[in-house]
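Enquirer: Mind having a look at this structure? Questions to follow.
Rule-based calculations on the coordinates, nothing more; no lab input. Keep in mind it's a predicted model, so treat the numbers as computed, not measured. Positions of Cβ are generated from backbone atoms using ideal geometry, with glycine treated the same way; all protein chains shown enter the neighbour counts.
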Amino acid sequence: MVVVVITNCKSAPPAGDGLQTESPADVSEEFLEDDEIPAEEIAYEAFDHDENLPENAFSEVWAYMLNGREKDLKRQYPVSDVVHFAAEVDRYGQLADIPRRKSISGFNGRVHLAVICNSAGLTHFVIQSGTEARKRLVSEILAAAKEYDGLNIDLESVPARDAEHFLSFLAELRAGLGGRMLSVCVPGRTRADGVYSYTSISALVDRVFVMAYDEHWSGSAPGPVASMKWCAAVAEYGLHAIGPEKLIMGIPFYGRGWGDKSTSRALIHSTTEGLKRDYNVQDFRRENGIPVFTYDITVKVTVYYEDEYSLAARMSMYRGRGVQNIGFWRLGQETPKVWQLIKLDGR
């Protein structure tokens, strides 16, 4: 085991207006003023491949499961809550592709219905206070959630000026759910965000699922999906702004690969001629009169991913900082060995 200490950990700012056009964990090294978490030393354990990995106990372990992939959930998994993913707001502002709770059998924990909307324009349209579109959508969501133990709202494209509408949307759902749980997904942050305000959202819901991943994403430079340094800072801010009882720290099961060259693109004539010259293209053919040629290119691919050692280190780091609840995106993407490293408190 190696103990790693990182000093002067600083925050990453939110992405623009809350849209997923860039990573929510852009790599700026600057703390901003509101709800600032002081810079401090962050220690975590990095485990060697010949070590016996520790088992960490959590109060709740949440896991996302795709509709139609119910086989990814095994009865013996130490999971307290499953999020059934997902009903989606369609182009007409109506709820579509609603999963059915009865498709999950043999699981004794809580099951939550996830609701998503991946369009910023559509999200703006359906969450406006007092509109018929919102009234209809709220009614459809509450009706769909009746057979579930809870509702999970995963709206990742809320425009900046709609922050108050988003909060009142959550409040309306909270009122309609009665005693069932309401949880909300928010991007990983290390300081206050007007759209996904940890403090404001946590006051309205039962759990806040912090998506502490995509620090590096498909359009960024290569890097960890969720580095230890960044995740530690996100956890510190989440504990500060949400509190340990409602906070769920999201953990990725997936990795990413980046190539050092991109070959799919539109080409003007001069560029095409340059390719023929640079790669010594000697021959081309015509398909129905259209010229076409091929050439070979070497692409170096960098891959960052998660295994039982990185997951053990991440869970140990969270537990050591006081995180009580964790969650995973998503079942079916993990190394099976991870389930040997988790224990539910009291079970």
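Enquirer: If we count every other residue with Cβ under 13 angstrom of L113's Cβ, Lys/Arg +1 and Asp/Glu -1, where does the sum land? Display every interim value, and only then the final one.
Expert: Values: positive: R100, R101, K102, R110, K146, R180; negative: D81, E88, D97, E140, E147, D149, D154.
Once all neighbours under 13 Å are counted, the net charge is -1.
Enquirer: A further question follows. Between region 197-225 and region 282-310, how many Å separate their Cα centres?
Expert: Region 197-225 and region 282-310 have Cα centres separated by 33 Å.
Enquirer: Output the 0 to 90 degree angle, nearest 10, between the alpha-carbon long axis of helix 228-241 and the longest principal axis computed from the alpha carbons of the chain.
Expert: The helix 228-241 is inclined about 30 degrees to the chain.
Enquirer: Given a cut-off of under 8 Å on Cα pairs at least six residues apart, what relative contact order in percent is computed for region 239-306?
Expert: With pairs under 8 Å counted, the relative contact order is 47 percent.
Enquirer: A further question on this structure: Can you tell me, using C-alpha contacts under 8 Å and at least 6 residues apart, the relative contact order of the chain as a whole percent? Let's see the in-between values first.
Expert: Numbers: 681 pairs, mean separation 79.8, N = 347.
Worked out over the chain, it gives 23 percent.
Enquirer: Could you tell me the number of lysine pairs in the chain with C-alpha atoms less than 21 Å from each other, where the two lysines are 8 or more residues apart or belong to different chains?
Expert: 11
Enquirer: With the chain treated as a Gaussian network of Cα nodes joined by springs under 10 Å, which of L142, L173, L182 yields the largest mean-square fluctuation?
Expert: The residue that fluctuates most here is L142.
Enquirer: How tilted is helix 308-320 with respect to the longest principal axis of the chain? Cα atoms for both, answer in degrees (0 to 90, nearest 10).
Expert: For helix 308-320, the angle is close to 40 degrees.
Enquirer: What angle, in degrees between 0 and 90 and rounded to the nearest 10, separates the Cα long axis of helix 163-177 from the longest principal axis of the Cα atoms of the chain?
Expert: 50
Enquirer: Tally Lys/Arg at +1 and Asp/Glu at -1 over every other residue whose Cβ is under 13 Å from the Cβ of N67; what's the total?
Expert: Residues close to N67 contribute a combined charge of +2.
Enquirer: Continuing with this model, one more query. Which residue, R285, R134, R189, has the most motion in a Gaussian network model of the chain that connects Cα atoms within less than 10 Å?
Expert: Its mean-square fluctuation being the largest, the pick is R285.
Enquirer: Which residue fluctuates most in the GNM of the chain (Cα springs below 10 Å): A63, A266, A87?
Expert: A266
Enquirer: All other residues with a Cβ under 13 Å from the Cβ of K261 taken together, and with Lys, Arg as +1 and Asp, Glu as -1, what is their net charge?
Expert: -1
Enquirer: So in the chain, what percent of DSSP beta bridges are antiparallel if you round to the nearest 5?
Expert: On the way: 14 of 54 bridges.
In the chain, approximately 25 percent of DSSP beta bridges are antiparallel ones.
Enquirer: Using alpha carbons only, how many angstrom separate the centre of region 311-347 from the centre of region 65-98?
Expert: 20
Enquirer: While we're on this one: Can you work out the Karplus-derived ³J(HN,Hα) for every residue in region 275-289? Use 6.51 cos²θ - 1.76 cosθ + 1.60 with θ = phi - 60°, whole Hz, and x for glycine or proline.
Expert: 5, 4, 6, 5, 9, 6, 6, 9, 9, 9, 10, 10, 10, 6, x
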